[in-house]
1. If you check A:Ala117 against the conditions, is it within 14 Å of chain C (Cβ to nearest Cβ), in a helix (DSSP H, G or I), open to solvent by 30 Å² or more (accessible area, probe 1.4 Å) and not acidic (Asp, Glu)?
2. Within region B:74-88, take every residue that is of a type in the set (A, V, I, L, M) and in contact (Cβ under 8 Å) with a residue 12 or more places away in the chain and give me the one that is farthest from B:Ala210 (Cα to Cα).
3. I'd like the residue in region B:25-41 that is open to solvent by less than 20 Å² (accessible area, probe 1.4 Å) and more than 7 Å from every other protein chain (Cβ to nearest Cβ) and, out of all such residues, is farthest from C:Pro54 (Cα to Cα).
4. What are the pairs with Cβ atoms under 6 angstrom where one residue, in region A:59-73, is farther than 16 Å from A:Glu83 by Cα and the other, located anywhere, is crowded, with 16+ Cβ neighbours inside 10 Å and of a type in the set (Phe, Trp, Tyr)? Sequence gap at least six, or different chains.
5. Just need a number here: residues in region C:86-118 that are farther than 18 Å from C:Val200 by Cα and of a type outside the set (Phe, Trp, Tyr).
6. So how many residues does region A:42-60 have that are within 7 Å of chain C (Cβ to nearest Cβ) and β-branched (Val, Ile, Thr)?
7. With (1) more than 13 Å from chain A (Cβ to nearest Cβ); (2) touching a residue at least 24 places away in the same chain (Cβ under 8 Å) as the list, and C:Ala124 as the residue in question, which single condition is left unmet?
Amino acid sequence: MRAPLSDRNIGDLPVIAAEILERIRAKRPRVHCITNAVAQTFTANMLLAAGAVPSMTIAQKEVRAFAARADAILVNLGTFDVERQKASLAAVDVANRARIPWVLDPVFIERSPPRAAFAKKLLAKKPRALRLNAAEFGALSGGNTDDAALARFAKGRCVVVGLTGARDFVRDGERLAIIANGHPLMARVTAMGCVASALVGACLAVEPDAWKATVAALIAIGVAGEIAAARARGPGSFVPEILDAIYTLDRDTLIARAKVS
Amino acid sequence: MRAPLSDRNIGDLPVIAAEILERIRAKRPRVHCITNAVAQTFTANMLLAAGAVPSMTIAQKEVRAFAARADAILVNLGTFDVERQKASLAAVDVANRARIPWVLDPVFIERSPPRAAFAKKLLAKKPRALRLNAAEFGALSGGNTDDAALARFAKGRCVVVGLTGARDFVRDGERLAIIANGHPLMARVTAMGCVASALVGACLAVEPDAWKATVAALIAIGVAGEIAAARARGPGSFVPEILDAIYTLDRDTLIARAKVS
Amino acid sequence: MRAPLSDRNIGDLPVIAAEILERIRAKRPRVHCITNAVAQTFTANMLLAAGAVPSMTIAQKEVRAFAARADAILVNLGTFDVERQKASLAAVDVANRARIPWVLDPVFIERSPPRAAFAKKLLAKKPRALRLNAAEFGALSGGNTDDAALARFAKGRCVVVGLTGARDFVRDGERLAIIANGHPLMARVTAMGCVASALVGACLAVEPDAWKATVAALIAIGVAGEIAAARARGPGSFVPEILDAIYTLDRDTLIARAKVS
């Protein structure tokens, strides 16, 4: 019989997160991002700040080549054009054949039935992680966003769910981590969730346990957000500050500030 | 007979502007933006900093759904591709049926006859406000940019014109406000006019008098620009500073610094 | 017999660079940029900070009109979509008919054979300058990236090559300048190379000797990068800092800090 996750395991998560971050800096994984127009620059800069190497092409002629050489792939539905839909399907096909981990970010699917339908189609292709907010999760789960719904969804779809908000819930079929880091200014900057998903991708590139990878990414972005908010005067200065905070985030700070239960 | 706008009315404008800004923060209106690729991120961040909630999709399949749920719509012609033209017409159609206010920003039409033709087509569909610079206005008015031309245009087209430059002129058929806020660094940052137009949209969402809404947006961005310029070392730091300045702008500062006549 | 480039000539380069920068500020040249989605905003802001006037349209209906009125053109292959390919060919055609200088930035061609093929097609149309990194140059030269290969390439193609990295090599058929300015943080910000290429464009607009123009752009961005790095806490604050640094860079600082041999 499999032992339930003990307190010790949860207590290890900040250390595991710090190690995953160190691995990104050492290995410099490539993360290919099919993401929305508003998020592209911030996403590329966040990946570079964390130590990863971004690429962003969505061109039909070359997306397969870029995907094939990536260590992880992000599919973000925030710009829902035909070219990005084709690029997403192509990249996911390459990822699944080559066993490259990929993360899905179904932006705003609660406002757009065609996006929700496409998100479901992609979910059936088994991303390793799904990063989204409660409204978006509700559009996939039929409305329920409590832990039982999360657990059922994660187990049934064999996917790690990273549900972000004031607190972040990271669920696979058996494990739950609740992360209480972060700051309200993060909701005043466009594409913050998209950037968190990209960081999940970078962590998946260096950590085979998708649950640990997702926890690590959300702890890191949450702690960096707190550090940035303490230095920023508002959402404008928050953007450069959070990039600097991820770049300079050291093991001891991450472990000391992580609030995970 | 309608009384002419008295000094007292003009004197009220800073207070009205402050109230409109407060209403944006309280109501958090949705502003759907069809805007150019260069401006998208800055525009979304400015709306968030002001308290509004941006959405930016231009995809044919979903732009109507986003427009229908918006409290105001921005149509900016800065990226003149076929997809954005279709999205603009669809969003305007939804807006006019549902009486959602919309603002037109005819970027660079003086340099591109096809853009100018499209701007005229959209103008015939009666935006509530038109935000542009003198060169762009000249392309619509046949060259004249003096107050008589502004008044004639505003009256004939039933549109509020917000003509921005070293001084901003806000005109409807009967009223004129001249705003002397702002700073030369604003011309050294890309998409500053586009961002001002988005803020006009946010104000239209909470203020039915389009003239007051346009005045409020241009006072706010002008005052924020002055505050930002005082803190910035150049156009790079000016961008986060103006976002912080809009976010932190309080009633007393806005009223004290507004220069409107 | 033509005299070899003397020490005195190389010693003049910082002064020449300062003069070229001053000419940009005085003449405010228009630079039309066909560049990638990730780089557009940063590129426009860098050109504005330097004193140039950017335009970025890629729309088929108007790219010729914008190109015809530009003082220099940038063709960057970082977003390799069909619309940008058509726009690039149209802009280059206009440029070559009107003798407008243009610079090519063949981003990531080492990772994408279709991009490399398109880059070669554009190279045959004789850009005045080619700005790229060693991996990208290797994809054009068949692998060699030493000075002999650079010289042969520059001479054979009648193009100035600006090969950037820890040190920058600027080559035409006869002259070589090596620039040792810059900072490692520049590699942690997306689109830094793209922005350098845009600055090459601005310099080409005011300096007919493409070798001097390319040297000037790379000295300026390198010195600005050093100044920015000294003020920044990481790659996030580095972006506004380098824009401020270009904006405020004065003749004496540029000359004192330039490291060119």
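1. No, not satisfied.
2. B:Ala87
3. Among those that are open to solvent by less than 20 Å² (accessible area, probe 1.4 Å) and more than 7 Å from every other protein chain (Cβ to nearest Cβ), it is B:Pro29.
4. Close Cβ pairs (under 6 Å, with a partner that is crowded, with 16+ Cβ neighbours inside 10 Å and of a type in the set (Phe, Trp, Tyr)) amount to A:Ile73/A:Trp102.
5. Of the residues in region C:86-118, 17 are farther than 18 Å from C:Val200 by Cα and of a type outside the set (Phe, Trp, Tyr).
6. Of the residues in region A:42-60, 1 are within 7 Å of chain C (Cβ to nearest Cβ) and β-branched (Val, Ile, Thr).
7. (2)
Condition check ((1) in contact with a His (Cβ under 7 Å, 6 or more places away or on another chain); (2) more than 14 Å from chain A (Cβ to nearest Cβ); (3) within 21 Å of A:Arg69 (Cβ to Cβ); (4) at pLDDT below 95) across all residues:
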site	(1), (2), (3), (4)
C:Ala67	yes, yes, no, no
C:Ile73	yes, yes, no, no
C:Glu83	no, no, no, yes
C:Val94	no, yes, no, no
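The values are calculated or read from the model by the stated rules, or taken from the named source; none is laboratory data. Here the structure is a predicted model, which means the values were calculated and not measured. Ideal geometry is used to build each Cβ from the backbone, glycine not excepted, and the neighbour counts take in all protein chains shown. Just so you know, the surface numbers come from the protein's heavy atoms only, side chains and all, with ligands and any DNA or RNA stripped out. Shrake-Rupley method; radii C 1.70, N 1.55, O 1.52, S 1.80 Å.
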